[in-house]
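**Q** Have a look at this one before I ask anything.
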Amino acid sequence: MRLSLNPLKPTRSAATAAASLCHVSADPKPPSLPPTSPSPSPSPEHSSSSISETLSLLQATDPSSWPTNSKLQTLLSSLSPSSVLKITRQLPNYRNALQFFNHLKTTSQSDSLSLAFQAVLEFAMRESPDSPGKLYELFVQEKEQGTPLSVNAGTLLIKCLSQAKMLDEMIMVFDAIDEEKLNTDVSNLVVAGLLKWGRVNDALKLVNEMLEPDSDYPPNSKTISILFSNILKRNWSDRGVTDEEIYNLVSRFGECGVYLDELWSTQIIKRFCRNGNSDKAWNFLHKAMNSGSVASCNAMLTGLEQDRDFTRMNFLVKEMKEKGIQPNVVTYGILIKHLCKFRRMDEALELLEKMKDGKLGVEPDVVIYNTLIDGLCKVGRQEEGLKLMERMRLESKCNPTTITYNCLIDGFCKAGELEKGHELFEEMSKEGVDVSVVTLNTMLDGMCRHGRVSSAMEFFSCMRQKGLKGNAVTYTILITAFCSANNIDKAMRLFDEMSENGCSPDAFVYYSLISGLTQAGRMDDASVIVSKLKEAGFGLDIVSCNILIGGFCRKNKLDKVSELLKDMEKAGLKPDRVTYNTLLSFFCANGDFTHAQKVMKKMTDDGLKPNVVTYGALIQAYCSNGKLDEAMKIFRDMGTSSKVPPNTVIYNMLIDSLCKNDDVEVALSLMDDMKEKGVRANTTTYNALFKGLQQRNWFEKALEFMDQMTEQACNPDYITMEILTEWLSAVGEIEKLRKFVQGYQVSASTA
DNA sequence: GCAAACTACA
């Protein structure tokens, strides 16, 4: 270990030595010298000659004769403290330096002593770098004898002790430095040392001292980056540094004119958003930061998007424009992703065109294209996605990547076009695009969803022969598929197999198996897997408990449910939103409003906000009890005051009830609403609607929706076919049905 | 700081 803090080289002149002494610590304090500080020698020539004279005298005589050597005494008394420092440094070794230092103790003033001691420490570190303990002993000894500690000596010791994790000793040294001489750099070192070893509270205490208004060692940019790189890099949220504290700290630094750099500011915004404190992130961006950067604005936009705070998103984009913060490709990526998420594909594509026209000053990159292709596929416009892949090649010289192909394969497979998915898969190898495990999983999932579980197994083993191994997701897909095909044994076998193949199951693999077993009503087997999950070190976790509770509810075994809830309480496992939603759904489905209300109350008492599933359970309850008005009231409330936008399932329940109630007009208006809000209708939606239309015999309307289904790549299932076959053959329009079917094959799993 | 597969409850 060689300490780098040694800017003073023995060969430099006294004047520069003294000057650099002040600069050793780039102190924000002006380098004015307090009365006790060494002052530079007035005449360098004179001093350097007396330095060399003293040095030769010291080396020519025996240390025991020094006290009686009058020439030496005269020389020493004429020397400035910085000259003493130079002399000590130029002695041959630690032993000599220590001897000289001990001699000085009998004659010299404290400033010289302090600097000589610094040189002794420098020697000690060079010669026996592994014994910080010894150095500390030396320090204690000198402290007892009243030798003042120079800032530089203290700095050396602090560095050394910090490395050796001798933190209490480090603090002792820090405290021993004269308050007036303390500077920001020394304090920073101590803060860094404390943080390095996890003494967050002590570090924060010191930082708070630094932040005091009249502090002699105010924080600088180094302080803030040391502090935040440690707080943010490691996960210390559970060690007492809360978002609140972080926010207050940054504000106080800001009051001192010290700001975080872009990188850490962005990290803080991300952290606040991740912890659900986007308000704090917003305030931070607008108050505590010197100026927003593109990166921090992008992080904020991501957070707002996840929070569905679109008002602020728009506001921020506007603000960026006003402040002259140029959006970059990532900004547009976030905005396009947002539009895709809400199925506003045409607006998203418009943005792409603007980028390509050069109107925005940013060219689309491969991520932008992939986002759009994925978006198109997710709304069933996979053919357009395919065309966009061609365009990215030709018009933007962007080569499709594994992700591009994965998105397209997923699109075609989910739409039931498994052959096209295969074709694209083959094309990847031809184009030299790597196949990844995600590609494999996407293919497998597509096949499984369409009832081709055995083809999926074949494909999997074929890929394995080619050296592509599956991961936990692969097994989750297959196990889920076998469970829903009621082949629990095969699912169990796969579960055992995966460990044999060197793939350790993650929690989700367990969940899919536990879920499959509960769906099959095999609650005892499910409990066995839960204990296996615990053995595997995942602990009794809330997800498996929720799955089991759901299973017991389905079997109407409320005693088992309350038993499980008691176990959870004993284990300190708190029910979460899913737990409450499961219970709520159970009571609602049984028309037990008294208990449902109790669950709702307990949920809000626990500080859990209702989500779309919660509202769904309530709406379902009202619908099945013929209280459609109440259901609609909740529905409207969701969109406005509660910021929980209804999803497809919610619309389906309402449309189904409305149609059954012969309120087809309102059901149709909900269909428009869905389109407007970007909620995609699925097969269940259309089935409910077709039933309603059939009652009214609104044939033309039905044809319209059949076309819409085709357009949106929404597969009819056997229920659709039953309704339409009966209706259309009755009105002699079987030809229309044939055309409709040609657009889509009824998926193998449901047919 | 933006993109892909799986993920319990209505």
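**Q** Could you tell me which numbered condition residue A:211 fails, if it satisfies all but one of (1) open to solvent by less than 20 Å² (accessible area, probe 1.4 Å); (2) in the same structural domain as residue A:154 (by TED's automatic domain parsing)?
**A** (2)
**Q** OK, next. With the structure loaded, tell me whether residue A:227 is at pLDDT 90 or above, within 30 Å of residue A:177 (Cβ to Cβ) and either within 16 Å of DNA strand B (Cβ to nearest atom) or open to solvent by less than 60 Å² (accessible area, probe 1.4 Å) (or both) or whether it fails that test. So that I can check it myself, show each step before the final result.
**A** Working: at pLDDT 90 or above: yes; within 30 Å of residue A:177 (Cβ to Cβ): yes; either within 16 Å of DNA strand B (Cβ to nearest atom) or open to solvent by less than 60 Å² (accessible area, probe 1.4 Å) (or both): yes.
So residue A:227 passes the test.
**Q** Assess whether residue A:376 counts as being within 13 Å of DNA strand B (Cβ to nearest atom), over 30 Å from residue A:253 (Cα atoms) and at pLDDT below 90. Before you say what the answer is, go through the steps one by one.
**A** Working: within 13 Å of DNA strand B (Cβ to nearest atom): yes; over 30 Å from residue A:253 (Cα atoms): yes; at pLDDT below 90: no.
Answer is no for this residue.
**Q** Follow-up question, since we're still on this one. So, residue A:702, is that one part of a loop (DSSP other than H, G, I, E, B), within 16 Å of residue A:720 (Cα to Cα) and not acidic (Asp, Glu) or not? Step through it out loud before you land on a result.
**A** Numbers: part of a loop (DSSP other than H, G, I, E, B): no; within 16 Å of residue A:720 (Cα to Cα): yes; not acidic (Asp, Glu): yes.
Answer is no for this residue.
**Q** Would you point out the residue of the stretch A:493-532, among those that are in contact with a Phe, Trp or Tyr (Cβ under 6 Å, 6 or more places away or on another chain) and near DNA strand B (Cβ under 9 Å from one of its atoms), that is nearest to residue A:457 (Cα to Cα)?
**A** Step by step, filter the stretch A:493-532, then rank; the result is A:509.
**Q** Please specify each residue of the stretch A:338-349 satisfying the condition of being more than 9 Å from DNA strand B (Cβ to nearest atom) and either in a helix (DSSP H, G or I) or without any contact (Cβ under 8 Å) to a residue 60 or more places away in the chain (or both).
**A** A:338, A:339, A:345, A:346, A:347, A:348, A:349, listed by residue number.
**Q** Can you spot a residue in the stretch A:433-441 that is of a type outside the set (Gly, Ala, Ser), open to solvent by 40 Å² or more (accessible area, probe 1.4 Å), assigned to a loop (DSSP other than H, G, I, E, B) and within 16 Å of DNA strand B (Cβ to nearest atom)?
**A** Among the residues of the stretch A:433-441, at least one is of a type outside the set (Gly, Ala, Ser), open to solvent by 40 Å² or more (accessible area, probe 1.4 Å), assigned to a loop (DSSP other than H, G, I, E, B) and within 16 Å of DNA strand B (Cβ to nearest atom), which makes the answer yes.
**Q** May I ask you to verify whether residue A:285 is in contact with a Lys or Arg (Cβ under 6 Å, 6 or more places away or on another chain) and surrounded by 15 or more Cβ atoms within 10 Å (Cβ to Cβ)? First the steps, then the outcome.
**A** Details: in contact with a Lys or Arg (Cβ under 6 Å, 6 or more places away or on another chain): no; surrounded by 15 or more Cβ atoms within 10 Å (Cβ to Cβ): yes.
No: the conditions fail for residue A:285.
**Q** Does residue A:445 qualify as being under 22 Å from residue A:511 (Cβ atoms) and among the charged types (D, E, K, R)?
**A** Details: under 22 Å from residue A:511 (Cβ atoms): yes; among the charged types (D, E, K, R): yes.
Yes: the conditions hold for residue A:445.
**Q** Further question: Report, ordered by the first and then the second residue, all pairs with beta carbons closer than 7 Å, sequence separation of six or more or different chains, a first member in the stretch A:433-448 that is among the aliphatic types (A, V, I, L, M), and a second member that is in a loop (DSSP other than H, G, I, E, B).
**A** If the second residue must be in a loop (DSSP other than H, G, I, E, B), the pairs left are A:433/A:400; A:433/A:401; A:435/A:468; A:437/A:468; A:437/A:470; A:437/A:471; A:440/A:468; A:440/A:470.
**Q** Could you list all residues from the stretch A:392-401 that are closer than 15 Å to residue A:352 by Cβ and touching a residue at least 12 places away in the same chain (Cβ under 8 Å)?
**A** A:392, A:395, A:396, A:398
**Q** Restrict the check to the stretch A:391-401 and report whether at least one residue is outside any loop (DSSP other than H, G, I, E, B), outside the structural domain of residue A:709 (by TED's automatic domain parsing) and open to solvent by less than 20 Å² (accessible area, probe 1.4 Å). Write out each step before concluding.
**A** First, pick out the residues of the stretch A:391-401 that are outside any loop (DSSP other than H, G, I, E, B): A:391-396.
This time we only want the ones that are outside the structural domain of residue A:709 (by TED's automatic domain parsing), so: A:391-396.
Still in the running and open to solvent by less than 20 Å² (accessible area, probe 1.4 Å): A:392.
Yes, the conditions are met somewhere in the stretch A:391-401.
**Q** For the stretch A:479-490, does any single residue satisfy the condition of being in a loop (DSSP other than H, G, I, E, B), more than 9 Å from DNA strand B (Cβ to nearest atom) and open to solvent by less than 40 Å² (accessible area, probe 1.4 Å)? Walk me through how you get there before you give the answer.
**A** Taking the stretch A:479-490 and keeping what is in a loop (DSSP other than H, G, I, E, B), we get A:485-487.
Still in the running and more than 9 Å from DNA strand B (Cβ to nearest atom): A:485-487.
Imposing the further condition that a residue be open to solvent by less than 40 Å² (accessible area, probe 1.4 Å) reduces the set to none.
Scanning the stretch A:479-490, I find no residue that is in a loop (DSSP other than H, G, I, E, B), more than 9 Å from DNA strand B (Cβ to nearest atom) and open to solvent by less than 40 Å² (accessible area, probe 1.4 Å), so the answer is no.
Yes/no per residue for (1) open to solvent by 40 Å² or more (accessible area, probe 1.4 Å); (2) in contact (Cβ under 8 Å) with a residue 12 or more places away in the chain; (3) within 16 Å of residue A:364 (Cα to Cα); (4) more than 14 Å from DNA strand B (Cβ to nearest atom):
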site	(1), (2), (3), (4)
A:311	yes, no, no, yes
A:316	no, yes, no, no
A:320	no, yes, no, no
A:325	no, yes, no, no
A:328	yes, yes, yes, no
A:336	no, yes, yes, no
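**Q** Where in the stretch A:100-199 are there helices (runs of 4 or more DSSP H), lying wholly inside it, with at least 2 residues that are outside the structural domain of residue A:82 (by TED's automatic domain parsing) and surrounded by fewer than 23 Cβ atoms within 10 Å (Cβ to Cβ)? Quick ask: steps written out before the conclusion?
**A** Numbers: elements: A:110-127, A:132-144, A:151-163, A:167-176, A:184-196.
Passing ranges, in order: A:184-196.
**Q** From A:663, A:605, grab the single residue that is buried (at least 18 other Cβ atoms within 10 Å of the Cβ), farther than 20 Å from residue A:591 by Cα and acidic (Asp, Glu).
**A** Values: A:605 fails: buried (at least 18 other Cβ atoms within 10 Å of the Cβ).
Only one candidate passes the filter, namely A:663.
**Q** Looking only at residues that are in a helix (DSSP H, G or I), touching a residue at least 24 places away in the same chain (Cβ under 8 Å) and open to solvent by 10 Å² or more (accessible area, probe 1.4 Å) in the stretch A:350-373, which one is farthest from DNA strand B (Cβ to nearest atom)? Write out each step before concluding.
**A** We begin by selecting, within the stretch A:350-373, every residue in a helix (DSSP H, G or I); these are A:350-356, A:366-373.
The next check asks that each one be touching a residue at least 24 places away in the same chain (Cβ under 8 Å); those that pass are A:356, A:366-373.
Cutting the leftovers down to open to solvent by 10 Å² or more (accessible area, probe 1.4 Å) gives us A:356, A:366-367, A:370-371.
Working: A:356: 15, A:366: 5, A:367: 4, A:370: 4, A:371: 4 Å.
Filtering the stretch A:350-373 for residues that are in a helix (DSSP H, G or I), touching a residue at least 24 places away in the same chain (Cβ under 8 Å) and open to solvent by 10 Å² or more (accessible area, probe 1.4 Å), the one farthest from DNA strand B (Cβ to nearest atom) comes out as A:356.
**Q** On to the next question. Test residue A:278 against the stated conditions and say whether it is within 12 Å of DNA strand B (Cβ to nearest atom) and hydroxyl-bearing (Ser, Thr, Tyr).
**A** On the way: within 12 Å of DNA strand B (Cβ to nearest atom): no; hydroxyl-bearing (Ser, Thr, Tyr): yes.
Against the criterion (within 12 Å of DNA strand B (Cβ to nearest atom) and hydroxyl-bearing (Ser, Thr, Tyr)), residue A:278 does not qualify.
**Q** Among the residues in the stretch A:319-326, are any more than 23 Å from residue A:676 (Cβ to Cβ), of a type in the set (S, T, N, Q) and not in a helix (DSSP H, G or I)? Let's see the steps before the verdict.
**A** Restricting attention to the stretch A:319-326, the residues satisfying the condition of being more than 23 Å from residue A:676 (Cβ to Cβ) are A:319-326.
Applying the additional criterion that residues be of a type in the set (S, T, N, Q) yields A:326.
Then keep just the ones that are not in a helix (DSSP H, G or I); that gives A:326.
Within the stretch A:319-326 (the criterion being more than 23 Å from residue A:676 (Cβ to Cβ), of a type in the set (S, T, N, Q) and not in a helix (DSSP H, G or I)), the answer is yes, since at least one residue qualifies.
**Q** Looking for whichever is open to solvent by less than 70 Å² (accessible area, probe 1.4 Å) and modelled with pLDDT under 50 here; the options are A:42, A:30, A:63, A:38. Which one fits? Quick ask: steps written out before the conclusion?
**A** Working: A:42 fails: open to solvent by less than 70 Å² (accessible area, probe 1.4 Å); A:30 fails: open to solvent by less than 70 Å² (accessible area, probe 1.4 Å); A:63 fails: modelled with pLDDT under 50.
It is A:38.
**Q** Further question on the same structure: Of everything in the stretch A:285-306, what is more than 14 Å from DNA strand B (Cβ to nearest atom), part of a helix (DSSP H, G or I) and touching a residue at least 24 places away in the same chain (Cβ under 8 Å)? Give them in sequence order.
**A** Of everything in the stretch A:285-306, those that are more than 14 Å from DNA strand B (Cβ to nearest atom), part of a helix (DSSP H, G or I) and touching a residue at least 24 places away in the same chain (Cβ under 8 Å) turn out to be A:287, A:288.
**Q** What number of residues within the stretch A:685-709 are modelled with pLDDT under 90 and crowded, with 17+ Cβ neighbours inside 10 Å?
**A** The qualifying residues number 1.
**Q** Another question, then. I need the full set of residues from the stretch A:442-467 which are surrounded by 12 or more Cβ atoms within 10 Å (Cβ to Cβ) and closer than 29 Å to residue A:398 by Cα, in order please.
**A** A:442, A:443, A:444, A:445, A:446, A:463
**Q** Which numbered condition trips up residue A:519, out of (1) more than 28 Å from residue A:566 (Cβ to Cβ); (2) surrounded by 16 or more Cβ atoms within 10 Å (Cβ to Cβ)?
**A** The number of the failed condition is (1).
**Q** Of all helices (runs of 4 or more DSSP H) completely enclosed by the stretch A:565-679, which ones contain at least 1 residues that are away from DNA strand B (no atom under 11 Å from the Cβ), in the same structural domain as residue A:701 (by TED's automatic domain parsing) and charged (D, E, K, R)? Can you show your working first?
**A** On the way: elements: A:577-589, A:593-605, A:612-624, A:628-640, A:648-660, A:664-677.
It comes to A:648-660, A:664-677.
**Q** Open to solvent by less than 60 Å² (accessible area, probe 1.4 Å) and more than 25 Å from residue A:604 (Cβ to Cβ) - does that describe any residue in the stretch A:551-564?
**A** Yes: the stretch A:551-564 contains one or more residues that are open to solvent by less than 60 Å² (accessible area, probe 1.4 Å) and more than 25 Å from residue A:604 (Cβ to Cβ).
The values are calculated or read from the model by the stated rules, or taken from the named source; none is laboratory data. Computed from a predicted model, the values in this text were never measured in an experiment. Virtual Cβ from ideal backbone geometry, glycine too; neighbours counted across all protein chains shown. To get the accessible areas, we keep the full protein, side chains included, count just its heavy atoms, and leave off ligands, DNA and RNA. Shrake-Rupley method; radii C 1.70, N 1.55, O 1.52, S 1.80 Å.
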